[in-house]
Amino acid sequence: MFDLPDADILSTALEHNFWTWSAQAKVAPIPVTRAKGVYFWDVDGKRYLDFNSMTMCVNIGHGDERVINAIIEQAKALPYAAPGMATKPRAILGKLLSEITPANLDHFMFTLGGADANENAVKLVRGYTGKHKILARYRSYHGASAGAMALTGDPRRNTWEPNLMPGVVHFLDPYRYRSTFHRTNPDISEVEFTQDYLNHLEEIILYEDPGTIAAILLESVTGTNGIIIPPEGYLQGVRALCDKYHILMIADEVMSGFGRTGKWFAVDHWNVVPDLMTMAKGLTSAYAPLGAVGMKPEIAAAFNKVVYQGGLTYTAHPISLAAAIANIKVMQEDHIIEHANEMGPVLHRMLADLGEQHPSIGEVRSIGLFGIIELVRNRKTKEPLSPWNSSSPEMAALRKTLLENGLFVYTHWHTVLVIPPLIITEAQLAEGFDILDHALSITDKAVTGK
Ligand SMILES: Cc1ncc(COP(=O)(O)O)c(C=O)c1O
């Protein structure tokens, strides 16, 4: 198809490509050529078990012919239409999303990915409420464009400050393992723990003045910042605070949506209905780029007479919409959400077993097929295995060993994320955990000296 031998992919790419999130002189990309199911292969034919669904997005697994054929069919029929036009996939996908998302969401704006879904959600809530502030959490990632970076709480935001979107105020997350408020009473009940974090949020709302706050934006289950699973009552409590102070609630389900947690959307675990929901990644399982903002009808209606100022050339791209429809159909036909839900306890048990065997594991957490391992130098002090916003020789060595042994994972600071395609079997999970089990001797050594 293209005139470049596999053996030249890496060298040619290194010569002519610029790499995101990277110091250019330090990149070491895997020259990948094909992928199927839960595996992908490099130019040398080496097979990797994909424990990160590439970028936490290939939810239905690699190489599904049904989605690939839908893309081909759409490319033949109508590869592109102007954003102001109605197309068949656009009509079908809006309807389909209104059926699988929480009940009140019935209008969907299509975007290019997660960052611009969040940016558009901000425009919508500002336009609808006439207020400007957005509250978001510190342990969050909402995207890399300027507005989405401003929403992001983690240090990825800091490089670009102060020239980001104004009006964002951050608050703390209910992160039990490292809870700021509970260092001296870590055994506090879940009810009280939850209430402390809701009180913290309410205090910030009052200081900031509810009359200026358009929305609270939060990842329903936090992704790269630690798979922080909200304690019982937390999301319901945030919803109640939003209602009390006439603030809209935006759930960022870019990573946690489309079966990742064992339900269609993470908010479904707590029956919380947000006013807007942002999506991407699992929406197409990354077979084509697409994001979406779901909104309740009143918000869409607020722009009945007022023009919505926003949109991009590739808004509602038919090929991406066709990929999303086929992807959702695959999830339904193959009962992929149900499978992820069944595999959830299996992953949880494997993580717990690993935690018992390795002194460098401080805590493991998971919900559905969304898991994390926190590595520490000392279980008592919980000192992370790499410093804040950084890596360490042990983390680098762990990652290298895992790759050498054919396991692709995402490591973030002192954590290892386990976010495989949702079609993974128990045997394939065990295959990955076997590699992890052996490689963790590297990090154990940092703790025991042996
Ligand atoms: C929770 C969350 N929101 C938003 C984004 C941004 O999505 P995108 O990279 O498609 O812009 C991400 C990406 O990782 C994410 O995890």
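Here, each number is a calculation from the coordinates, and none is a lab measurement. It should be emphasised that the depicted structure is a prediction, and the values quoted were computed from it without experimental measurement. Cβ: placed from backbone, ideal geometry, glycine included. Neighbour counts: every protein chain shown.
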Of those in region 151-186 that are small (Gly, Ala, Ser) and away from the ligand (no atom under 13 Å from the Cβ), the residue nearest to Pro230 (Cα to Cα) is Ser179
Checked pairs for region 126-146, first in a helix (DSSP H, G or I), second of a type in the set (Asp, Glu) and within 16 Å of the ligand (Cβ to nearest atom), C-beta under 9 Å and 6 or more apart or across chains, list as Ala146/Glu119
Quick count over region 252-284, residues being near the ligand (Cβ under 10 Å from one of its atoms) and assigned to a strand (DSSP E or B), is 3
Residue set Gly167, Gly114, Gly147, Gly143; condition of a type outside the set (S, T, N, Q), touching a strand residue (DSSP E or B) at 6+ places or on another chain (Cβ under 6 Å) and within 28 Å of Leu417 (Cα to Cα); output residue Gly114
Is it true that Tyr207 is surrounded by fewer than 18 Cβ atoms within 10 Å (Cβ to Cβ), in contact (Cβ under 8 Å) with a residue 40 or more places away in the chain and of a type in the set (Phe, Trp, Tyr)? no
Pairs returned, first residue in region 302-324 that is in contact (Cβ under 8 Å) with a residue 24 or more places away in the chain, second residue that is acidic (Asp, Glu), beta-carbon separation under 8 angstrom, 6 or more apart or interchain, are Leu312/Asp116; Ala322/Glu73
In the set Ala323, Ala302, Ala316, the lone residue that is surrounded by fewer than 24 Cβ atoms within 10 Å (Cβ to Cβ), touching a Phe, Trp or Tyr at 6+ places or on another chain (Cβ under 6 Å) and of a type in the set (A, V, I, L, M) is Ala302
Considering residues that are away from the ligand (no atom under 16 Å from the Cβ), touching a residue at least 24 places away in the same chain (Cβ under 8 Å) and either touching a Leu at 6+ places or on another chain (Cβ under 7 Å) or of a type outside the set (Asp, Glu) (or both), the number found within region 285-301 is 5
Residue hits (region 202-227; of a type in the set (A, V, I, L, M), within 12 Å of the ligand (Cβ to nearest atom) and touching a helix residue (DSSP H, G or I) at 6+ places or on another chain (Cβ under 9 Å)) are Leu217, Leu218, Val221
Of the residues in region 48-83 that are charged (D, E, K, R) and over 25 Å from Gln428 (Cβ atoms), the one that is nearest to the ligand (Cβ to nearest atom) is Glu73
Item to complete: Please work out if Arg66 is assigned to a helix (DSSP H, G or I) and basic (Lys, Arg).
Response: yes
*Condition met for Ser366 (of a type in the set (Ser, Thr, Tyr), assigned to a strand (DSSP E or B) and crowded, with 18+ Cβ neighbours inside 10 Å)*: yes
Quiz item: Looking at this structure, is Lys400 touching a residue at least 12 places away in the same chain (Cβ under 8 Å), surrounded by fewer than 19 Cβ atoms within 10 Å (Cβ to Cβ) and over 21 Å from the mean Cα position of the chain (by Cα)?
Solution: no
